[in-house]
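What follows is one structure encoded as structure tokens, with my remarks underneath.
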Amino acid sequence: MNIAAVDYDGLIPNNVALGQDERVKRALEKWHPGYINWWNDMGPEGFQESLVYLRTAISVDPKGWAKFDYVRMPDYRWGVLLAPAQEGRTIPFGRHKGEPAWQDVPGEYRAMLRRLIVIQGDTEPASVEQQRYLGKTAPSLYDMRNLFQVNVEEGRHLWAMVYLLQKYFGTDGREEAEALLQRRSGDADTPRMLGAFNEKTPDWLSFFMFTFFTDRDGKMQLEALAQSGFDPLSRTCRFMLTEEAHHMFVGETGVTRVIQRTCEAMKEACITDPYDIAKIRKLGVIDLPTIQKKANLHFSLTLDLFGNEISTNAANAFHSGIKGRYREDRLKDDHQLEGATYPVLSLVDGKIENVEAPALSALNMRLRDDYVVDCNAGVGRWNKVIESFGIPFQIKLPNVAFHRHIGEFSSIKADVDGNMLSDGEWTTKRSDYLPSDSDKDFIESLMQPQFEPNKFASWIAPPKVGIDNKPGEFEYVKIA
Ligand code: BYC
Ligand code: FE
Ligand code: FE
């Protein structure tokens, strides 16, 4: 048998020889009904009986790992999939650099590892909860299918973390695995752990922005954890990243198609001024300034997920070989950073300035910087579309000090260019930067479902190509 192949014989598909690991197999089988209950209660509402054209992993080989077929979501084969082990892998960074990678949890770092795995695991079901009502207003069956694909894969990402907890963390791992099914996004008493995962995803523009900005935090964090000296975590994250690529695609192309449709409609109506908002909205499309506001919101909420710019947790995680930098393996330095410094944006006498800080303490800041670069590449591609219509408008990421709740800038109010505002100025200008109630009402008014194959809501262009090369008229979801 191909070692990358996945065993689909038992209840839990896997490529970790679960059949020979009775203890973990039984623990996961015991967790399984609770998971299914959670999925039925908190997963996509109203479509659990529908047949969805989903991809399922049949191998972890980078080429051809997916098989497409119609599946009822509760029957999706969630399982445990690790990227293949790398022979002779060593710890790539920190004080243990060069030692053999850990195949078991190093006792001294147990608490730190457990915390990181639990935080990562908590975000996955949270996003499914946030997106559970979106099926009802899907702008097409194509988009509905992509939403559900993202949802089942985030469910699988929860499985990925739960496997690590069950296999490597004994009793407290089991308790954490249980608690991951108990917390709820936005709940006043038992919220999810990180801020952005308790916000609402009320409409499809938010969904596309979320998959562009927030799933991209997922990508950055998974890349950093994929470097881990704890080999099972590294291998798990490496496979999760192959799934993450699709989430990123959904976000980037989703926003691109919204922009495309707006520009087309403006052109057809001979509107050249992107700020002629009332006229543009009458065309049933979302004006570019409102798209900018949504980007401002989701970008700033996501920056908070990187934690404090200066963080002892981050320093410890790196120093001990648990969490690396973005693509550590491609960086050229000593991978230990003991005497190194890194420029950190800070508030100095009321101004935003770079201050050199010990590189180890500044690792959250560094990952956030890498994230902003990655975001900007995508935003540049959005702007190419606007430019091709000759419309004088550019989407711009706001300054990192804008609308922050964690870190250096959480204590101040700043505009999108990073100029300090008084509380009064912020109150009057807020709706210039973030979606106002009337913006939200307008977007909501557009969220009319379009469930006929090959048809799309007024505010979004069709995709360039179908999923799995299917033709336009393909019925991606058979609604039951
Ligand atoms: N909200 O030293 P600091 C994804 C807490 S997304 C609430 O700066 P650290 C996905 C912090 O916990 C990727 N609390 O923290 C995307 C700490 O509390 P304690 C998810 C916050 O540890 C879309 C205290 O403040 N994965 O996969 O350096 C769909 C001091 O902070 C927040 C990960 O995040 C916050 N935003 O950095 C589906 C990877 N920020 O312990 C899925 C794992 C900070 O002192 N997590 N705090 O009580 C980590 O690496 C780090 O824990 C963090 C925070 C980057 C989150
Ligand atoms: Fe995920
Ligand atoms: Fe994701």
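The values are calculated or read from the model by the stated rules, or taken from the named source; none is laboratory data. Note that the structure is predicted; figures quoted are calculated from it, not measured. Counting neighbours? That spans all protein chains shown, and the Cβs are built from the backbone with ideal geometry, glycine included.
Just a few scattered comments:
- Residue count for the stretch 336-350 under the criterion of being without any contact (Cβ under 8 Å) to a residue 12 or more places away in the chain and in a strand (DSSP E or B): the result is 1.
- The one condition in (1) of a type outside the set (Val, Ile, Thr); (2) free of Cβ contacts under 8 Å to residues at least 60 places away in the same chain; (3) buried (at least 23 other Cβ atoms within 10 Å of the Cβ) that GLN182 fails to fulfil: (3)
- Lone qualifier among ALA5, ALA17 - being among the small types (Gly, Ala, Ser) and touching a residue at least 40 places away in the same chain (Cβ under 8 Å): ALA5
- Among the conditions (1) of a type outside the set (A, V, I, L, M); (2) farther than 30 Å from ILE460 by Cβ; (3) at pLDDT 95 or above, GLY284 misses just one, which is (2).
- Residues (of a type in the set (S, T, N, Q) and in a loop (DSSP other than H, G, I, E, B)) located in the stretch 295-324: ASN308, SER311, SER320
- Remark: pairs (first residue in the stretch 103-123, outside any loop (DSSP other than H, G, I, E, B); second residue among the aromatic types (Phe, Trp, Tyr) and within 16 Å of ligand 3 (Cβ to nearest atom); Cβ separation under 7 Å; 6+ apart in sequence or on different chains) = THR123/PHE197.
- Residue match in the stretch 116-135 (condition: of a type in the set (D, E, K, R), out of contact with any helix residue (DSSP H, G or I) (no Cβ under 8 Å at 6 or more places or on another chain) and either at pLDDT 95 or above or within 14 Å of ligand 1 (Cβ to nearest atom) (or both)): no
- If the condition is being surrounded by 14 or more Cβ atoms within 10 Å (Cβ to Cβ) and farther than 21 Å from SER422 by Cβ, then the stretch 346-355 contributes only VAL355.
- Test: residue in the stretch 232-243 that is out of contact with any strand residue (DSSP E or B) (no Cβ under 9 Å at 6 or more places or on another chain), within 22 Å of GLU199 (Cα to Cα), part of a helix (DSSP H, G or I) and within 16 Å of ligand 2 (Cβ to nearest atom): no
- Summed over the stretch 72-102, the residues that are without any contact (Cβ under 8 Å) to a residue 40 or more places away in the chain and of a type in the set (Asp, Glu) give a count of 2.
- The sole residue among GLY390, GLY378, GLY407 that is crowded, with 16+ Cβ neighbours inside 10 Å and closer than 22 Å to VAL255 by Cα is GLY378.
- Verdict on ALA196 being more than 18 Å from TRP102 (Cα to Cα), small (Gly, Ala, Ser), under 19 Å from the mean Cα position of the chain (by Cα) and part of a helix (DSSP H, G or I): yes
- PRO191 being away from ligand 3 (no atom under 16 Å from the Cβ), closer than 28 Å to ILE291 by Cα and assigned to a loop (DSSP other than H, G, I, E, B): no
Per-residue answers, yes or no, for (1) within 30 Å of LYS25 (Cβ to Cβ); (2) without any contact (Cβ under 8 Å) to a residue 12 or more places away in the chain; (3) within 13 Å of ligand 2 (Cβ to nearest atom):
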| residue | (1), (2), (3) |
| --- | --- |
| GLN166 | yes, no, no |
| GLU178 | yes, no, no |
| LYS200 | no, no, no |
| MET220 | no, no, yes |
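- Qualifying residue in the stretch 55-76 (condition: in a loop (DSSP other than H, G, I, E, B), under 29 Å from ALA5 (Cα atoms) and in contact with a Phe, Trp or Tyr (Cβ under 8 Å, 6 or more places away or on another chain)): yes
- Boolean, MET248 is more than 22 Å from TYR163 (Cα to Cα), in contact with a helix residue (DSSP H, G or I) (Cβ under 9 Å, 6 or more places away or on another chain) and away from ligand 2 (no atom under 13 Å from the Cβ): no
- Qualifying residue in the stretch 245-255 (condition: over 30 Å from GLY324 (Cα atoms), at pLDDT 95 or above and either surrounded by 20 or more Cβ atoms within 10 Å (Cβ to Cβ) or within 16 Å of ligand 3 (Cβ to nearest atom) (or both)): yes
- In summary, VAL416 fulfils each of the numbered conditions (1) assigned to a loop (DSSP other than H, G, I, E, B); (2) touching an Asp or Glu at 6+ places or on another chain (Cβ under 7 Å); (3) not charged (D, E, K, R) with the single exception of condition (2).
Yes or no, residue by residue, for (1) in a loop (DSSP other than H, G, I, E, B); (2) within 15 Å of LEU205 (Cβ to Cβ):
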site: PHE442; (1), (2): no, yes
site: SER445; (1), (2): no, yes
site: GLN448; (1), (2): yes, yes
site: PRO453; (1), (2): yes, no
site: ILE460; (1), (2): yes, yes
site: VAL465; (1), (2): yes, no
site: GLY472; (1), (2): yes, no
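- Scanning the stretch 282-292 for residues that are part of a helix (DSSP H, G or I) and buried (at least 18 other Cβ atoms within 10 Å of the Cβ), we see that the one that is nearest to ligand 3 (Cβ to nearest atom) is ILE291.
- Across the stretch 258-281, the number of residues qualifying as surrounded by fewer than 22 Cβ atoms within 10 Å (Cβ to Cβ) and within 26 Å of the chain's Cα centre (by Cα) comes to 1.
- Evaluation of ASN419 against (1) free of Cβ contacts under 8 Å to residues at least 12 places away in the same chain; (2) within 25 Å of the chain's Cα centre (by Cα) (one fails), failing number: (2)
- The residue list ARG145, ARG184, ARG174 contains one member that is out of contact with any Ser or Thr (no Cβ under 9 Å at 6 or more places or on another chain), more than 24 Å from ALA480 (Cα to Cα) and among the basic types (Lys, Arg), which is ARG174.
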